[in-house]
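I have placed the structure first, in the form of structure tokens, so that the comments after it can refer back to it.
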């Protein structure tokens, strides 16, 4: 489980890892279970999200997208 703090206007990306076969079906992709996102804490400027996803999913703060390209 990953816990991230997000402020108003900030985003996260959830997508398959690069090692996923392009021909994989949605059923195969989620065969280990669904992605679960829960709000753990909220204050005036931010929330904490707890994200539980299968190992074949990548979770990334949107602002880091340019760093991995």
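The values are calculated or read from the model by the stated rules, or taken from the named source; none is laboratory data. Bear in mind that the values here come from a model prediction, so they are computed numbers and not experimental data. Virtual Cβ from ideal backbone geometry, glycine too; neighbours counted across all protein chains shown.
Remarks
- Within segment 35-55, residues that are at positive phi and touching a residue at least 12 places away in the same chain (Cβ under 8 Å) reach no partner that is outside any loop (DSSP other than H, G, I, E, B) and surrounded by fewer than 10 Cβ atoms within 10 Å (Cβ to Cβ) with beta carbons closer than 7 Å at six or more positions or on different chains.
- Residue 20 satisfies every condition listed in (1) part of a loop (DSSP other than H, G, I, E, B); (2) at pLDDT 90 or above; (3) surrounded by 14 or more Cβ atoms within 10 Å (Cβ to Cβ) except (2).
- Every residue from segment 23-39 that is within 17 Å of residue 59 (Cα to Cα) and surrounded by 11 or more Cβ atoms within 10 Å (Cβ to Cβ): 29, 30, 32, 35, 37, 38
- When residues of segment 30-47 are limited to those that are outside any strand (DSSP E or B) and in contact with a strand residue (DSSP E or B) (Cβ under 7 Å, 6 or more places away or on another chain), the one modelled with the lowest pLDDT: 45
- Selection within segment 1-17 - over 13 Å from residue 58 (Cα atoms) and assigned to a loop (DSSP other than H, G, I, E, B): 8, 9, 10, 11
- Residue satisfying all of: in segment 48-69; part of a loop (DSSP other than H, G, I, E, B) and loosely packed, with under 14 Cβ neighbours inside 10 Å; modelled with the lowest pLDDT among these: 69
- Given (1) exposed (fewer than 12 other Cβ atoms within 10 Å of the Cβ); (2) in contact (Cβ under 8 Å) with a residue 12 or more places away in the chain; (3) in contact with a helix residue (DSSP H, G or I) (Cβ under 9 Å, 6 or more places away or on another chain), index of the condition residue 10 fails: (1)
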